[in-house]
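The values are calculated or read from the model by the stated rules, or taken from the named source; none is laboratory data. Because the structure is a prediction, the values reported are computed rather than measured. No Cβ is skipped: glycine too gets one built from the backbone with ideal geometry, and neighbour counts run over all protein chains shown.
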C-alpha cells in the first residue's frame, strides 16, 4: 500500500524528535503486504495504515496531505529476517536440533515451523530472541541514521552496537543444491517403491491424512506471511 513517494530525507534536513520506540520497533519488525507504517517527524509517533481498518482511509489522507512530515518506516525484509534465522541455525551446537531446524526452514511456512521446533528448547529459544533483537535494533539505528533522524530520547534497549557474527558450528546451508526437504521427499519416494502394491492403498490413505492435516494447520496460521509470527504473541524480544 503506497500513499505517495516520500520526499527524500536529504531535502528535509536533520530531524531531532522524541521517538515512540515501542511503536517504531513493532513497525520495523512487521512485514505485512497489507500494512504500511509512517513516522511522524514532528511528534515522533508512528501511524500504521492497515487495509480493512476503519481508520485506514482517514490515516491515509492525513499522511498524504502532510507528506513532508512523514517518513515511511522500512521493515526488515522477509529475506533479511530469513538470513538471520539461517545464521542462527548454523550456530546451534546440538546436532539433532540443528538438523531439525535446517529441515524446518525449508520451504513455505519456514518461520512458523522454526518457532514450533524451538518451543521445546527454551534455552536456544531465548538465545534466538536475544540475537534477533540485536539485529533488529541495529537495523532501526541504521535506518534512522540514513534518514538523518536524531532521537532526543534513548531507546529502552539501551546503546546499540554492531551485532557480533555468530560462530558457525554446523554444516552451512548451501543454496542451489538439493534442499533438506527435497532430500526427504526423495527418500519417501524411494521407500514407496519398495512397498508391495497390495499395501499402497493404506500408504496413500495415510499420506492423504497428512496432507489434509498440513492444509488445516496452514489455514489456522494464516498470518504466516509475517516473519515475526514465530514469536509468541505475549512474548516481546528485548
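I'm trying to understand the selection: among the residues of the range 109-157, which are part of a loop (DSSP other than H, G, I, E, B), free of Cβ contacts under 8 Å to residues at least 12 places away in the same chain and closer than 26 Å to residue 46 by Cα?
154
Taking the listed residues 123, 64, 133, 110, the one that is surrounded by fewer than 17 Cβ atoms within 10 Å (Cβ to Cβ) and either under 16 Å from the mean Cα position of the chain (by Cα) or not assigned by TED's automatic domain parsing to the domain that holds residue 14 (or both) is 123, with no other qualifying. Residue 115 satisfies every condition listed in (1) at pLDDT below 90; (2) closer than 23 Å to residue 25 by Cα; (3) surrounded by 14 or more Cβ atoms within 10 Å (Cβ to Cβ) except (1).
Of everything listed in (1) in a loop (DSSP other than H, G, I, E, B); (2) within 27 Å of residue 90 (Cβ to Cβ); (3) modelled with pLDDT under 85, the single unmet condition for residue 160 is (3).
One line per residue, one yes/no per condition, for (1) surrounded by fewer than 14 Cβ atoms within 10 Å (Cβ to Cβ); (2) assigned by TED's automatic domain parsing to the domain that holds residue 157:
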{"residue": "38", "(1), (2)": "no, no"}
{"residue": "55", "(1), (2)": "yes, no"}
{"residue": "87", "(1), (2)": "no, yes"}
{"residue": "119", "(1), (2)": "yes, yes"}
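Tell me, please, whether a residue that is assigned by TED's automatic domain parsing to the domain that holds residue 165 and under 24 Å from residue 142 (Cβ atoms) can be found in the range 90-97. Within the range 90-97, one or more residues are assigned by TED's automatic domain parsing to the domain that holds residue 165 and under 24 Å from residue 142 (Cβ atoms).
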